[in-house]
Amino acid sequence: MKLNLKDTFNIELPADKNLTNTRRQVLDACYSFVTPKKPKKPSLIHFSDELAKEIGLEDYTLSKEFLEVFSGTTTSPNTNPFAMCYGGHQFGNWAGQLGDGRAINLFEIEHNDKHWALQLKGAGETPYSRTADGLAVLRSSIREHLCSEAMYYLRVPTTRSLALMLSGDEVLRDVLYNGNPDYEKGAIVTRAAPSFIRFGNFQILASRKDFKNLKLLADYTIKHFYPEITITGKEKYLEFYQEVVNRTLKMVIEWQRVGFVHGVMNTDNMSILGLTIDYGPYGWLEDFNPDWTPNTTDSQNRRYRFGNQPDIALWNLVQLGNALYPLIGDIPAMEKILEDYNTLFDQQYHQMMKNKLGLEENYDNILHDDLQAVLKLTETDMTIFYRNLSSVLKTDFAENALEKISNAFYKPGEIKEKIKDNWIKWFNLYIERLGREYDLDAIRKEKMNLVNPKFVLRNYMAQLAIDAADKEDYSVINELYSMLKNPYDEQPHNEKWFAKRPDWARHKVGCSMLSCSS
Ligand code: AMP
Ligand code: MG
């Protein structure tokens with residue numbers, strides 16, 4: 001494989017001097033060198049053809065070398081794999097050192113002026129594995145692989161996934177944490193992103209008062225990933241903080257647009273580049289319920305529920321602010337950034353909702369609030385509702401507009417009396433506003449269909465891919481991958497996937513309920 005190697009992280013930042021792969025606290029360093037575990041019998045299940053091309057690896061995807069390097073069987077010449085040291089707040093509590101417990105960074109490459117770090121997930125233990133095994137199972141790896149790519153094509157900032165491999169090893173997991181462990185197939189995903197640095201990389205250094213390395217890490221991050229920041233002194237770190245706030249905000253707005261619930265927004269799962277990272281017990285909003293979270297580990301408090309994601313992002317940004325404070329030293333300026341978050345969020349959320357509703361001029365909060373209320377009256381599928389809304393015409397009566405979106409209702413029988421009245425009321429308001437819009441119906445429809453996806457990776461769809469893959473049938477993975485590459489297109493041959501969650505998936509593990517076990 002011809003790789004245009006351009007390592008930076010493991011060259012410019014300090015390494016752990018201890019080279020043994022033993023679990024420990026790693027001090028005075030940003031990472032530890034570690035070699036991936038050799039898998040027993042690796043095999044390639046799927047690779048992302050377009051990403052392979054973007055990275056310049058399209059000629060190698062079916063080669064022995066690709067299989068060996070991206071399964072951790074061999075280490076590429078002149079590369080020094082490593083695991084990062086980071087900490088984090090988990091579910092609101094400081095957890096101390098976490099780190100790449102099962103992620104191993106292989107190398108960085110440059111292609112077509114783009115910089116990529118490639119990382120294996122599930123390639124064995126590292127000094128950060130704590131009490132776990134460093135491995136990943138097939139089901140969670142399929143979910144990560146497909147969803148990373150689906151999010152990319154939805155235009156949501158995200159890390160990518162290049163390849164999905166079976167390791168040939170068996171991995172013991174207790175899916176429901178109820179004392180019923182079982183062996184599952186092990187798998188390895190190759191993730192790709194400009195960098196995998198998280199809020200937690202800064203937090204761990206600040207918590208240890210290692211300000212020398214905190215500064216090194218901030219300088220490194222700015223130099224490579226925020227090159228537009230050119231001022232010096234403390235202002236530089238303040239601007240960096242502002243930019244991370246901006247990017248994080250943008251990412252969360254996009255999550256709210258497509259109905260994505262991350263599920264574990266711990267600060268160790270927050271990318272410093274504002275990318276969606278660590279696809280674990282995530283889920284897609286089917287029934288529009290802002291209180292929903294797929295993560296059973298969080299079912300009590302619902303800290304990471306859909307409607308709470310913007311506030312949690314802010315909470316996490318406050319923690320990042322605490323970590324960067326030693327470099328900035330200006331509390332009023334940092335507070336100002338955080339205070340502005342809500343205003344910025346409101347502006348961008350407003351714009352995003354205007355786009356979803358196809359209203360350039362005549363959108364207002366009443367229309368929004370009434371919609372939120374009416375969507376909650378009866379189970380209503382978010383994706384189908386918004387997609388079908390683009391078919392409503394300026395000349396429609398509320399009754400036929402309602403008919404056009406009725407496919408989104410899980411219990412059509414409930415659309416009568418008061419619920420129906422409320423819907424009619426809302427559609428009267430909406431159609432009245434449509435009538436005042438400049439765009440013709442067809443133009444508006446086109447624009448709306450660019451922000452309201454037709455296809456998302458519904459929770460049950462990933463589960464179908466998993467069930468088939470368990471029987472060595474990878475056709476569903478292939479089918480979903482191809483479809484999710486064009487989520488805004490009509491794709492008549494894929495109409496069967498433009499459907500509400502089937503009833504069997506309502507309370508099924510893996511569909512509506514996901515644990516952190518992976
Ligand atoms: P998560 O909440 O899944 O992002 O994981 C939190 C921490 O646990 C991170 O430091 C992970 O690297 C680590 N971790 C999760 N699963 C494993 C595993 N199977 N082996 C080792 N470390 C793990
Ligand atoms: Mg994580």
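Is it true that T61 is open to solvent by 60 Å² or more (accessible area, probe 1.4 Å), part of a loop (DSSP other than H, G, I, E, B) and outside the structural domain of N316 (by TED's automatic domain parsing)? Lay out the reasoning, then the answer.
Working: open to solvent by 60 Å² or more (accessible area, probe 1.4 Å): no; part of a loop (DSSP other than H, G, I, E, B): yes; outside the structural domain of N316 (by TED's automatic domain parsing): yes.
No.
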query: Out of all the residues in the stretch 481-489, is one or more open to solvent by 70 Å² or more (accessible area, probe 1.4 Å) and touching a Ser or Thr at 6+ places or on another chain (Cβ under 7 Å)?
result: no
message: Considering only residues that are surrounded by fewer than 22 Cβ atoms within 10 Å (Cβ to Cβ) and either part of a strand (DSSP E or B) or in contact (Cβ under 8 Å) with a residue 60 or more places away in the chain (or both), which ones fall in the stretch 64-88?
response: E65, F66, L67, S76, N78, T79, N80
task: Taking the options L176, L162, name whichever one is more than 16 Å from ligand 2 (Cβ to nearest atom) and at pLDDT 95 or above.
output: L162
statement: Of the residues in the stretch 70-95, those that are closer than 18 Å to K6 by Cα and more than 25 Å from the chain's Cα centre (by Cα) come to T75, S76, P77, N78, T79, N80
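Are there any strands (runs of 3 or more DSSP E) wholly within the stretch 90-157 with 2 or more residues that are away from ligand 2 (no atom under 16 Å from the Cβ) and open to solvent by 20 Å² or more (accessible area, probe 1.4 Å), and if so which?
On the way: elements: 93-97, 103-111, 114-121.
So the answer is 103-111, 114-121.
Considering only the stretch 445-454, I want to know if a residue exists there that is more than 15 Å from Y363 (Cα to Cα), assigned to a loop (DSSP other than H, G, I, E, B) and of a type in the set (D, E, K, R). Before you say what the answer is, go through the steps one by one.
Taking the stretch 445-454 and keeping what is more than 15 Å from Y363 (Cα to Cα), we get 445-447, 449-454.
With the extra rule that they be assigned to a loop (DSSP other than H, G, I, E, B), the set shrinks to 449-454.
Filter once more, so that each one left must be of a type in the set (D, E, K, R): 454.
Scanning the stretch 445-454, I find at least one residue that is more than 15 Å from Y363 (Cα to Cα), assigned to a loop (DSSP other than H, G, I, E, B) and of a type in the set (D, E, K, R), so the answer is yes.
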field: Qualifying residue in the stretch 243-259 (condition: in contact (Cβ under 8 Å) with a residue 60 or more places away in the chain, farther than 30 Å from D16 by Cβ, in a loop (DSSP other than H, G, I, E, B) and within 16 Å of ligand 2 (Cβ to nearest atom))
entry: no
statement: Checked against (1) outside any strand (DSSP E or B); (2) within 27 Å of the chain's Cα centre (by Cα), S32 satisfies every condition except (1)
statement: Selection from the stretch 399-424 of residues open to solvent by 80 Å² or more (accessible area, probe 1.4 Å), basic (K, R) and within 36 Å of the chain's Cα centre (by Cα) yields K411
- prompt: Under the condition of being farther than 26 Å from K37 by Cα and in contact (Cβ under 8 Å) with a residue 40 or more places away in the chain, which residue from the stretch 179-203 is nearest to ligand 2 (Cβ to nearest atom)?
  reply: F199
- prompt: Just to be sure, is D16 in contact with a Phe, Trp or Tyr (Cβ under 6 Å, 6 or more places away or on another chain), open to solvent by less than 60 Å² (accessible area, probe 1.4 Å), on the phi < 0 side of the Ramachandran plot and of a type in the set (D, E, K, R)?
  reply: no
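Conditions (1) of a type in the set (D, E, K, R); (2) within 23 Å of E170 (Cα to Cα), marked per residue:
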site	(1), (2)
L450	no, no
D467	yes, yes
D470	yes, yes
K485	yes, no
Y488	no, no
R501	yes, no
- line: In the stretch 428-459, residues that are over 33 Å from the mean Cα position of the chain (by Cα) and among the aromatic types (F, W, Y) total 1
- request: Go through (1) modelled with pLDDT of 95 or more; (2) exposed (fewer than 15 other Cβ atoms within 10 Å of the Cβ); (3) farther than 25 Å from I272 by Cβ and name the single condition T343 misses.
  value: (3)
query: Which helices (runs of 4 or more DSSP H) sit wholly inside the stretch 275-394 and have at least 2 residues that are under 30 Å from L120 (Cβ atoms) and either more than 16 Å from ligand 1 (Cβ to nearest atom) or among the small types (G, A, S) (or both)?
result: 309-328
- prompt: For the stretch 245-267, what are the residues that are within 16 Å of ligand 1 (Cβ to nearest atom) and open to solvent by 10 Å² or more (accessible area, probe 1.4 Å)?
  reply: V264
message: As an exercise: evaluate D439 against (1) part of a helix (DSSP H, G or I); (2) touching an Asp or Glu at 6+ places or on another chain (Cβ under 9 Å) and give the number of the one condition it does not meet.
response: (1)
- prompt: Do the conditions hold for Q300, that is, is it over 26 Å from L164 (Cα atoms), open to solvent by 20 Å² or more (accessible area, probe 1.4 Å), assigned by TED's automatic domain parsing to the domain that holds Q351 and free of Cβ contacts under 8 Å to residues at least 60 places away in the same chain?
  reply: yes
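The values are calculated or read from the model by the stated rules, or taken from the named source; none is laboratory data. The shown structure was predicted, so the numbers you read here are calculated from the model rather than taken from an experiment. Using ideal geometry, Cβ is built from the backbone for each residue, glycine included, and neighbour counts are taken over all protein chains shown. Quick note on the areas: whole protein, heavy atoms, side chains included, nothing else; ligands and nucleic acids left out. Shrake-Rupley method; radii C 1.70, N 1.55, O 1.52, S 1.80 Å.
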